[in-house]
Amino acid sequence: MDQMLFTLPILPGKTQAARAFLQELGGARKQDLLACNQVLGFTKEMWALQQMPQGDFLIAYVTGEDLGHAAEQFSAAQGDFERWFKQQVHEVTGTDFNESSSGPASEILADTEI
């Protein structure tokens, strides 16, 4: 099982838009997100908004089989939900998920389960 954690800085003035995006993912678009995750092979996807003195950030945690391949699939995906999702992320962070690599994922140094 692969896992990936990454952080995206929120553009100045876009925190409320980021919050609305995440709320929509967990609400009105949750079924679309679940369907997309099933196609990509994700078993878990978690998003958070972190406020720091340096600015606000979106933090994502994803688990699944072959996340590298899933990232490539998502970059190429052009369904209605995928285009909406990528547009929202681009508007609030400036990150383009249409690119096959939007930067390195975090290096997970400790992982403990009980």
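Summary of computed values
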item	result
Meets criteria (in contact with a Leu (Cβ under 7 Å, 6 or more places away or on another chain), on the phi < 0 side of the Ramachandran plot and buried (at least 16 other Cβ atoms within 10 Å of the Cβ)) for F57	yes
Some residue of the range 34-45 being hydroxyl-bearing (S, T, Y), in contact with a strand residue (DSSP E or B) (Cβ under 8 Å, 6 or more places away or on another chain) and under 20 Å from I108 (Cβ atoms)	yes
Hits in the range 20-56 - residues which are basic (K, R) and under 13 Å from the mean Cα position of the chain (by Cα)	K44
Residue in the range 1-13 that is nearest to the chain's Cα centre (by Cα), counting only those that are crowded, with 17+ Cβ neighbours inside 10 Å and in a loop (DSSP other than H, G, I, E, B)	I10
Condition broken by A20, with the remaining ones in (1) more than 30 Å from E113 (Cα to Cα); (2) surrounded by 16 or more Cβ atoms within 10 Å (Cβ to Cβ); (3) hydrophobic (A, V, I, L, M, F, W, C) satisfied	(2)
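Okay, residues lined up against (1) aliphatic (A, V, I, L, M); (2) loosely packed, with under 13 Cβ neighbours inside 10 Å; (3) within 21 Å of E24 (Cα to Cα):
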residue: F42; (1), (2), (3): no, no, yes
residue: P53; (1), (2), (3): no, yes, no
residue: A76; (1), (2), (3): yes, yes, no
residue: Q87; (1), (2), (3): no, no, yes
residue: D111; (1), (2), (3): no, yes, no
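Every number in this text was worked out from the coordinates using simple rules, so none of it is lab data. The model shown is predicted, which means the values in this text are computed figures rather than measured ones. Virtual Cβ from ideal backbone geometry, glycine too; neighbours counted across all protein chains shown.
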